[in-house]
Amino acid sequence: QAQAARLPAAAAALMAGRRVTAATLAVAVAAVGAAAASDDCWQTGYSRAVCCYQAHIESVRDQCFDGTYTFERCCEPGVAKTGPYAFAGYLGDDSPLLSDYLLRLVQRVRAMPDHRLEETVNGAPSSTSWSWARRHQHRLSATARSAPAAEAFVLSDLKMMERHMNGILNKTEVVKNYRALPGFVQGYYFLLAYFLAQEALGPWLSPAARRIIRAREVKVWSMWTGVYRKGFGYMDFCRCMEGGEFYSHVGNNMRLAGFSKRHFLRTMFNSSSAQHHLMRQQQCRETPLSGFFPEAALTLMFTTGCVPGDVGMAALLLQNCVLEQDIQKVLLLHDTMFRMSTLAADCQDSKFWPFTVRDTATQYARVIWELARRPNGRAPLEQPLLRRLAWNPPRGGPIAAPWHGQCGPHELRGGVRISFGVDDARQRMEQDEQSNLGLAKLYQGTGRLQALTLGPVCTEIGRFWLRLGVTPNAASRERTLAIIPVTFSWWSNPWHHLHWWLPALYYLRVKERLLPEDTDVALTFMHGEAHWGKSTTAKVSEPERTEPEEWSFLWGKWPKPDKMDKFEKAWGPTGLHADVLAVLSARRAAPLEEFNGQSYSRVIVGLPAVRYTLQIPRMACAQVASVKEFVESTPNFRALAAQRLQSQHGRPSGRKVLSFIQRTPKEGRVLQNLTEVIRAMEANVNISRGLDVRIVRGLSKGWPWTQQYHAIRTSDIIVSVGGAALGWLWALPHGGAAIELRSAGSPIWLTCSERWDVDWREMFGGLARLAGVHHICVRPHAVDLTVEAIAGAAGLSDPSSFTPYERDVDIYVHPQRAVQLAEQALLQVTGPPPPCLDHHPDT
C-alpha cells in the first residue's frame, strides 16, 4: 500500500483529467524496447515483416534487397532491454514502482523449492531457471507445486486489489466522471501486479490453489464493472453498433489468423502460411507512434462503442509489431488492450471472440515477465524470444455469464402495479443494488412503490436497461404484460425488426403458450436523441464518456414526435407489424407509458437475444423453425396458401421457384439489367426445366406482414441486393437458398466471399445459418473473378479504414454470372439441407 501511494505523475494526470504526454508512459516504454538498427532500410510497401520472413523466396528477395540494402543488414535482429530495471520509470516520470515489484518477484522465484537455479547476473535469475520450472511443472513434487509461499504471494496481491476496488465502490454518490474516481488508475497497477504474480509463480501453484484464486478473481472483474458503472453509469461497452459489419470482419480475421488455436505461433512465423500473410498485412510500421500513446488510449476508452472489436484490432496490429520487432509499440498496445478490456468484463462474449478479457491481462503480464525475468542487460530479438512475445495466453474461460444469458427475458411474478416515469431521485434510490436476478425478493412484501432498474435486455444494437416503478398487488388480474424493446421503431426495416419478431413469437406464443386475450404488449424504444455515430467520433474534452447514460435506458413513449406519420404506417392497424402484434395480444400494443397504473400477475421484460453478427445468439435454428411452423398455422397465412393453391391448379408440380426481389428506382439498389438476366436464364436448358423465375416488387410498399412472409415462403431461391428485403430470408423453406448481391465498389471489409455457406458471421449469411438456409454473397459485375481481382479492379477500400461507399448504388449483374449462380442454387436446394445448428461453431 505504501508503494501504491507513490504513484507517478502519469497516474496523477489521468486521475486529474489532464493530458498525458509522451514524456510519461511512452518514453518509459521506449527504454524497454530498443529499435532495430535497420530502420533506414524500409520505405512505403516494404518492412521487416514483409521482407525478412520471406527472404528465401527469390522474387521477394529481388524486390526487397539490393547491393546496398542487403538481407544481412536490414534483417539483423533488434535488441530489447531486459531485467527488472528495464521497467524503471515504466509507469512514467522515473517511478520505480513496477521495477521494484518485478525485482521482488524475481527474488521470490529464486527462493522457490525444487528449482534448478543457474548463475545469475546482477541479482536476477538466468532466463532458463523459470523456463525449466514452467516446462517441467508436471514433474515438480506435490510439495513444491503447492508451495504455500507462492499461493500466499498471489493471494496477497489479489486481496490488495479487492481492498482497493472496494474503497472506490464504497463511495455512495454516482460521480459520472472519470476525474472524480480517486484511485481509479491505481487499480490498473494492482490488477497488473496480480497477473504478474500469477505468471511468475504459476509453476508452483497447485490445481486446488488455481481454482481458489480463479474463483476470487471473478469477483475482482465484477468490481471493475461496478467501478465503471460508478463512474459512467449504465453503459454497454460491447454495443458495436457503429461499424458493426467492420467489427464482424475484424473478428473473422482473428479466427482466420488462428487466435486461440494451438497452432497459432507455428503459423504466425511460417512465411508460407495464410495466417502469416494476414499478419503481414497489418500496419504497425505505418501507424505513427502518437497513435499508441496513453492519451490516445484514454480517448478510445471515453468514445469506444465496441471494446471487443477495438481490442481485436489492436491484437492483430500487435502481432505485426512483433514481426517488425518494435517492442515499444508492442508494450504500448498491450497496455491499451489491458485497460480497454476492463471495460468489457461483463459483456465480452468469449464464445464469439477468440479471446477473453482475462487473456489480454494474462498476455500483457506474460510479455512483461518474459523481459523482466531475464538478466539485466539486452537480449537479441531472435525468433525464440519473439515467439514468447507473440500472442499465446492460456485460453481462459469467460469471466461473466454468456452474453445472451444476461439478456433476459427477465420476469416479475406475484402481482404488481407498474409505474413508468418515476422521478429520477426515486429511480436512483436502489438501482445500484438491483440486478436482473432475484427481482421478486426486491419488491414482494414491502407494500410500497419501489424503483427498479431491470435488465439488461438485448437487441441487435446491444444492451439496454429499463427503469420501472413497481408496487406489490396480490389482487392483480391473471394477465401478463410483455415489455418488448424495439430499436428503429420509425423504420419499416425487416432485418432490424426480425430481432423482436422472432423472439416474441417464439417465447410468448410457442414456448410460454400465452393466449392473446390474456396478454398485453408494451413497447419500449431507444432514446430519441441517441446517436452513437456522433458519440464514437466526438472529440474528448472532458474525462467522461461521450455517450450519455440516458441513451442506455429504454423509453416508454414514441421517441421521435416528428416521425409520427411513419409510426402510424408501421404500427397502426394496417401497418407492417399489425399481424405480429395481433397474434401476441388481442388488444392494441402501445408505448409502455400508456400502461401506467395497471396491475399484472406477471411482467416479462425483454426477449431471447437473436443478435448473431457480433455475439452468439440465444435463439437457435430449431427455434426459428418453430416460429415458421407457428406463422403457417395462423388464419392469415392459411388463407393466402389456399389462394395460391387455387391459382396453381393444373400447373406441373415439383418445379422450384426463384424470386428476384426488385426495389423501386427511388429506393436505389436496383438490378439494372434484370430483363436481360431473366432472358439469359430462360435460354438455359437446366434452368428452364427446373425453375420458375418471378419478380417480387412492392415489399416496401405497405404489404401486410403475412403477405410478405408468404412471398418468401413460397420461393425456394431468392436473389436480392444486400439490404432490408434480405431480412426476410429466414422465411425460406429449410434448405432454400439466398443469393446476396453486392456492388463492385463495396469495401473489402464487407465480407463477401463468393462461396456458398461460408459468410455465416455476416449480416445475411449469419441469418441464413440461423434459419437453415444456403447463402452466397457475390459481386456479380463480372464472370469468374476472384475476390482479390475484384478488389483490385474496383479499388476497394483498405480493411483498416471506414472508407465511405455508396450503399444505394444500382447493380449490374453479368448475365452469364447470373446463370451460373442460378444453376448452383438449384443444386443447393435439390441437395441435402444445411444442418440446423444450436449455435455458431468455432470453425
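Structural remarks
- Qualifying residue in the stretch 33-48 (condition: at pLDDT below 85 and part of a strand (DSSP E or B)): yes
- Residues that are part of a helix (DSSP H, G or I), under 20 Å from Arg545 (Cβ atoms) and among the hydroxyl-bearing types (Ser, Thr, Tyr) within the stretch 223-248 comprise Thr225, Tyr228, Tyr247, listed in sequence order.
- Residues that are aliphatic (A, V, I, L, M) and within 24 Å of the chain's Cα centre (by Cα) within the stretch 730-752 comprise Ile748, Leu750, listed in sequence order.
- Within the stretch 287-338, the set of residues being modelled with pLDDT of 90 or more and charged (D, E, K, R) comprises Asp310, Glu324, Asp326, Lys329, Asp335.
- Considering residues of the stretch 812-840 that are surrounded by fewer than 18 Cβ atoms within 10 Å (Cβ to Cβ) and among the hydrophobic types (A, V, I, L, M, F, W, C) only, the residue modelled with the lowest pLDDT: Leu837
- Close pairs (6 angstrom Cβ cut-off, 6 or more residues apart or separate chains): at negative phi in the stretch 637-657, outside any helix (DSSP H, G or I) and at pLDDT 90 or above anywhere: Arg655/Asp692; Lys656/Leu691; Lys656/Asp716; Val657/Asp692; Val657/Ser715; Val657/Asp716
- Considering Leu298, Leu318, Leu331, the condition of being touching a strand residue (DSSP E or B) at 6+ places or on another chain (Cβ under 7 Å) and buried (at least 20 other Cβ atoms within 10 Å of the Cβ) is satisfied by Leu331 alone.
- Residue, modelled with the lowest pLDDT, within the stretch 88-110, restricted to residues that are open to solvent by less than 40 Å² (accessible area, probe 1.4 Å) and either in contact with a Cys (Cβ under 8 Å, 6 or more places away or on another chain) or over 12 Å from Tyr189 (Cβ atoms) (or both): Gly89
- Options Asn473, Asn436: the member that is at pLDDT 70 or above and either closer than 24 Å to Ser601 by Cα or not polar (S, T, N, Q) (or both): Asn473
- Checked against (1) free of Cβ contacts under 8 Å to residues at least 60 places away in the same chain; (2) open to solvent by 10 Å² or more (accessible area, probe 1.4 Å), Glu460 meets all criteria but (1).
- Candidates in the stretch 167-184 are the residues that are within 29 Å of the chain's Cα centre (by Cα) and surrounded by fewer than 16 Cβ atoms within 10 Å (Cβ to Cβ); of these, the one that is modelled with the highest pLDDT is Leu169.
- On inspection, Gly414 does not qualify as in a loop (DSSP other than H, G, I, E, B), touching a helix residue (DSSP H, G or I) at 6+ places or on another chain (Cβ under 8 Å) and either within 28 Å of Ala344 (Cβ to Cβ) or at pLDDT below 90 (or both).
- Flag for Arg755 being within 26 Å of the chain's Cα centre (by Cα) and among the basic types (Lys, Arg): yes
- Residues located in the stretch 549-568, provided they are in contact (Cβ under 8 Å) with a residue 40 or more places away in the chain, within 22 Å of the chain's Cα centre (by Cα) and within 9 Å of Met526 (Cα to Cα): Ser552, Phe553, Leu554
- The residues of the stretch 249-277 that are assigned to a helix (DSSP H, G or I) and open to solvent by less than 10 Å² (accessible area, probe 1.4 Å), listed by number, are Val250, Gly251, Met254, Ala257, Phe264, Met268, His276.
- Asn636 falls short on exactly one of the conditions (1) closer than 19 Å to Leu726 by Cα; (2) crowded, with 16+ Cβ neighbours inside 10 Å; (3) in contact with a Phe, Trp or Tyr (Cβ under 9 Å, 6 or more places away or on another chain); (4) not hydrophobic (A, V, I, L, M, F, W, C), and that condition is (1).
- Conditions (1) without any contact (Cβ under 8 Å) to a residue 60 or more places away in the chain; (2) under 25 Å from the mean Cα position of the chain (by Cα); (3) closer than 30 Å to Leu750 by Cα; (4) open to solvent by 50 Å² or more (accessible area, probe 1.4 Å); number of the one not met by Arg214: (3)
- Qualifying residue in the stretch 671-682 (condition: under 34 Å from the mean Cα position of the chain (by Cα), crowded, with 18+ Cβ neighbours inside 10 Å and either of a type outside the set (Phe, Trp, Tyr) or not in a helix (DSSP H, G or I) (or both)): yes
- Members of the stretch 334-352 found to be among the polar types (S, T, N, Q) and crowded, with 24+ Cβ neighbours inside 10 Å, listed by number: Thr336, Ser341, Gln348
- Selection count, the stretch 683-726, where residues are under 24 Å from Trp571 (Cα atoms) and either assigned to a helix (DSSP H, G or I) or among the charged types (D, E, K, R) (or both): 14
- Scan of the stretch 446-457 for residues that are among the polar types (S, T, N, Q) and either open to solvent by 10 Å² or more (accessible area, probe 1.4 Å) or under 30 Å from Gln348 (Cβ atoms) (or both), ordered by number: Thr446, Thr453
- Complete set of residues in the stretch 683-709 that are open to solvent by 80 Å² or more (accessible area, probe 1.4 Å) and under 39 Å from the mean Cα position of the chain (by Cα): Arg697, Lys701
- Listing of helices (runs of 4 or more DSSP H) fully contained in the stretch 500-594 that carry 1 or more residues being surrounded by fewer than 16 Cβ atoms within 10 Å (Cβ to Cβ): 532-537, 564-571
- When residues of the stretch 194-208 are limited to those that are closer than 10 Å to Val154 by Cα and under 32 Å from the mean Cα position of the chain (by Cα), the one most open to solvent (accessible area, probe 1.4 Å): Gln198
The values are calculated or read from the model by the stated rules, or taken from the named source; none is laboratory data. Computed from a prediction, not measured in an experiment: that's the story for all the values here. Here the Cβ is made from the backbone with ideal geometry for all residues, glycine too, and neighbour counts use every protein chain on show. Note: areas computed on protein heavy atoms with side chains; ligands, DNA, RNA excluded. Shrake-Rupley method; radii C 1.70, N 1.55, O 1.52, S 1.80 Å.
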